Amino acid sequence: MKQLVAYITAGYPDKNFTVDLALALGENGVDTLELGVPFSDPVADGPVIEAANHRALEAGFRFADLLDIS
């Protein structure tokens with residue numbers, strides 16, 4: 001069976017958007033959601049995810065914020 005998997009960077013552009021997007025994805029057919037945890041050196045993830053990580057961190061995202069999201 002095929003499944004639709006989505007990936008989003010937690011905290012990008014902010015925590016509230018992350019929660020809203022995760023809920024919307026679930027309501028619209030996403031079977032599995034991977035929440036990426038922003039960190040300072042995500043070069044293996046490619047330029048788009050790397051930029052999202054840096055922007056989330058610059059906006060003040062911290063690992064403890066993930067507990068508010070999940």
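Averaging the sequence gap over all C-alpha pairs within less than 8 Å and six or more residues apart, then dividing by the number of residues, gives the chain a relative contact order of 41 percent.
Using a simple charge model, +1 on the beta-carbon of Lys and Arg, -1 on the beta-carbon of Asp and Glu, nothing else, what dipole does the chain show about its Cα centre, in debye to the nearest 20?
Details: 4 positive and 11 negative charges, 10 e Å.
Using Cβ point charges on Lys, Arg, Asp and Glu, the chain gives about 40 debye.
The long axis of helix 47-58 is offset from the longest Cα principal axis of the chain by roughly 60 degrees.
Classify the chain as rounded, prolate or oblate from the Cα gyration tensor: take a ≥ b ≥ c as the square roots of its eigenvalues, call it rounded if a/c is under 1.5, otherwise prolate when a/b beats b/c and oblate if not. Because a/c hits 1.5 or more and a/b fails to exceed b/c, the chain counts as oblate. Of the trypsin sites (Lys or Arg not before Pro) found in the chain, those that fall in a DSSP loop while having at most 11 other beta-carbon atoms within 10 Å are 2, 62. Just 56, 22, 44 to compare: in a GNM of the chain, with alpha carbon springs under 10 Å, which one fluctuates most? Sorting by GNM fluctuation, first place goes to 44.
Residue 26: net charge of surrounding residues, Cβ under 15 Å, Lys/Arg +1, Asp/Glu -1, itself excluded?
Values: positive: none; negative: 20, 27, 31, 34.
Cβ neighbours under 15 Å give a net charge of -4.
The sum of -39500 (n - 2.57) across all DSSP H runs of n ≥ 4, divided by the residue count of the chain, sets its helix-only mean residue ellipticity at 222 nm to -12500 deg cm²/dmol.
We did not get these values from a lab; they are worked out from the coordinates using the rules stated. Just so it is clear, the model here is predicted, and its values are computed rather than measured. Neighbour counts run over all protein chains shown; Cβ positions are idealised from the backbone, glycine included.
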